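Chemist: Next up is a structure, given as structure tokens.
None of the figures in this text is laboratory data; all of them are computed from the coordinates on show. Every value quoted in this text rests on a predicted model; they were computed, and no experiment measured them. Using ideal geometry, Cβ is built from the backbone for each residue, glycine included, and neighbour counts are taken over all protein chains shown.
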Amino acid sequence: MITSKIADSIDQSVLCWLATISEDGFPNVSPKEAFLHDGEGKLLVANIASPVTVRNLERDPRVCLSFVNVFVQKGYKITGKAAVLKPGDAGFDEQHRPLTAAIGAAFPVISVIVIEPVAVAVIIAPSYRLYPDTEPLDRIRDSLQTYRVKEYQRRAE
């Protein structure tokens, strides 16, 4: 279900949003900045500071994870079932290792959220439908301007 195209999109996205179901039945959406695919069809999300997400998953494993490459304005919505692996659980070390390799030691990974996808849908900016003849580089240029990338680069220097 996680094709090479989806895997590439994951690799090019900086943040994802993980939606869980709270005890009162309302959605809880939480940004995650450390996530990747395991190469075997599952998604791995680092729990860095998400006690509500973990509590919700322990009660109801249904999730929706969305990510978008903001420059090309495309991404995916993946629904599935999640499990939380904690230190000492079978498979924790194998799933923890690629996440810590990806993000380094800057953030402690308390546990690993492993998502088994059941459905995948494309997320695409409305401009693709409204202006289908626009070239991808035009979209990237527009996004760089919209997100004021040059301004942020100057601030960071």
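Chemist: Identify which of the listed values of Kirkwood radius over Cα pairs in Å was calculated from the structure shown: [x] 18.7; [y] 15.2; [z] 16.8.
Modeler: [z]
Chemist: Given a cut-off of under 8 Å on Cα pairs at least six residues apart, what relative contact order in percent is computed for the chain? Working shown, then result.
Modeler: On the way: 267 pairs, mean separation 37.8, N = 157.
Relative contact order for the chain comes out at 24 percent.
Chemist: Pull up the cross-link candidates among the lysines for K81, meaning alpha carbon to alpha carbon under 23 Å and not fewer than 8 places away within one chain.
Modeler: K5, K32, K42
Chemist: How large is the dipole of the chain about the Cα centre if only Lys and Arg carry +1 and Asp and Glu carry -1, each at its Cβ, rounded to the nearest 20 debye? The partial results should precede the final answer.
Modeler: Working: 18 positive and 19 negative charges, 72 e Å.
Dipole about the Cα centre, nearest 20: 340 debye.
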